[in-house]
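Asker: Below are the structure tokens for one structure; questions will follow.
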């Protein structure tokens, strides 16, 4: 299975830290933030990676190169302007191929089991089953959550006990097949809601470590977590 790391965001809430450094390259312990994903994906046996970029993308390419120093192979998907999540994935489909792939937001810090998730890829047939989302407990900055999980393991917009979408999922490329080519800016939420209405999106609850590194304060929290892991 291939994986795509989403790294095209500007990181406005991180300014001025991101004025000269792309958010995925902000240091978290011994690694840049994106480096934790690359290392964990490689350890999970997911070594074919696609990474998109827009803001300061050259810096990302210089730091990670073709991935050989990290034990992976990286194909780059540059965007002249950020295409949002769905648009960025659609733009990268020629690099991702025809099989299900894993997607990871570049600005989270997590211990989600990528190997276990990758093994679920065979469940996605592109029609009745098109995606599987990893959900997490609602963080303080997002207390109302995003989606709930039904008793049969499907994601839905309504319902009690909503959880937060972690930014980690597996998708079948058919999920994005209806988007325009060449790719245009497109948000992921409308596609997810359509898929939920069709009953084609599964979900599971991750109860381990997860942090949205979206502000300087949460960057400090990620660094504290990383320090605890190396002590």
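The values are calculated or read from the model by the stated rules, or taken from the named source; none is laboratory data. Just so it is clear, the model here is predicted, and its values are computed rather than measured. Using ideal geometry, Cβ is built from the backbone for each residue, glycine included, and neighbour counts are taken over all protein chains shown.
Asker: Scanning the range 1-23 for residues that are under 14 Å from residue 79 (Cβ atoms) and in a loop (DSSP other than H, G, I, E, B), which turns out modelled with the lowest pLDDT?
Answerer: First pass over the range 1-23, keeping only residues under 14 Å from residue 79 (Cβ atoms): 4-10, 22.
This time we only want the ones that are in a loop (DSSP other than H, G, I, E, B), so: 7-10, 22.
Values: 7: 94, 8: 92, 9: 82, 10: 75, 22: 90.
Here the residue is 10.
Asker: Would you confirm, using the coordinates I've provided, whether residue 135 is over 19 Å from residue 116 (Cα atoms) and surrounded by 13 or more Cβ atoms within 10 Å (Cβ to Cβ)?
Answerer: So residue 135 does not fit the description; no.
Asker: List pairs: first residue in the range 119-148 and on the phi > 0 side of the Ramachandran plot, second residue at pLDDT 95 or above and in a loop (DSSP other than H, G, I, E, B) anywhere in the structure, Cβ distance under 7 angstrom, at least six positions apart or on different chains.
Answerer: Going by the 7 Å Cβ cut-off, the qualifying pairs are 126/172; 145/138; 145/162.
Asker: Now for a separate question. Report whether or not residue 50 is more than 25 Å from residue 188 (Cα to Cα), at pLDDT 95 or above and surrounded by 15 or more Cβ atoms within 10 Å (Cβ to Cβ).
Answerer: In short, no.
Asker: Can you pull out the residues in the range 128-145 that are in a loop (DSSP other than H, G, I, E, B), within 15 Å of residue 197 (Cβ to Cβ) and under 20 Å from the mean Cα position of the chain (by Cα)?
Answerer: 129, 130 - these are the residues of the range 128-145 that are in a loop (DSSP other than H, G, I, E, B), within 15 Å of residue 197 (Cβ to Cβ) and under 20 Å from the mean Cα position of the chain (by Cα).
Asker: If you don't mind, there's one more thing I want to ask. Looking at 67, 57, which is the one that is within 21 Å of residue 97 (Cβ to Cβ) and over 16 Å from the mean Cα position of the chain (by Cα)? Walk me through it before giving the result.
Answerer: Details: 57 fails: within 21 Å of residue 97 (Cβ to Cβ).
After applying the criteria, what remains is 67.
Asker: Further question: Do you know which of the residues in the range 146-160 that are in contact with a helix residue (DSSP H, G or I) (Cβ under 9 Å, 6 or more places away or on another chain) and outside any strand (DSSP E or B) is surrounded by the fewest Cβ atoms within 10 Å (Cβ to Cβ)?
Answerer: That would be 157.
Asker: Residue pairs, Cβ under 9 Å, 6 or more apart or interchain, first in the range 22-46 and at positive phi, second surrounded by fewer than 19 Cβ atoms within 10 Å (Cβ to Cβ). List them.
Answerer: Once the first residue is at positive phi and sits in the range 22-46, its partners that are surrounded by fewer than 19 Cβ atoms within 10 Å (Cβ to Cβ) give 29/223; 29/225; 29/226; 29/227; 29/229; 29/230; 45/115.
Asker: Moving on. Which of (1) at pLDDT 95 or above; (2) under 12 Å from residue 5 (Cβ atoms); (3) buried (at least 21 other Cβ atoms within 10 Å of the Cβ) does residue 106 not meet, given it meets every other one?
Answerer: Failed condition: (1).
Asker: Mind listing whichever residues of the range 30-47 are part of a loop (DSSP other than H, G, I, E, B) and under 20 Å from residue 113 (Cβ atoms)?
Answerer: If the condition is that a residue be part of a loop (DSSP other than H, G, I, E, B) and under 20 Å from residue 113 (Cβ atoms), then 44, 45, 46, 47 are the ones that fit.
Asker: Shifting gears a bit: Kindly indicate the residue of the range 201-224 that is over 22 Å from residue 41 (Cβ atoms) and touching a helix residue (DSSP H, G or I) at 6+ places or on another chain (Cβ under 8 Å) and also surrounded by the most Cβ atoms within 10 Å (Cβ to Cβ) among those meeting that condition.
Answerer: Within the range 201-224, the match that is surrounded by the most Cβ atoms within 10 Å (Cβ to Cβ) is 201.
Asker: Looking at 76, 36, which is the one that is crowded, with 16+ Cβ neighbours inside 10 Å and more than 18 Å from residue 168 (Cα to Cα)? I'd like the intermediate steps shown before the answer.
Answerer: Numbers: 36 fails: more than 18 Å from residue 168 (Cα to Cα).
Answer to the check: 76.
Asker: Separate question: Residue under question is residue 50, and the condition is that it be in contact with a helix residue (DSSP H, G or I) (Cβ under 6 Å, 6 or more places away or on another chain) and either assigned to a loop (DSSP other than H, G, I, E, B) or free of Cβ contacts under 8 Å to residues at least 40 places away in the same chain (or both); does it hold?
Answerer: no
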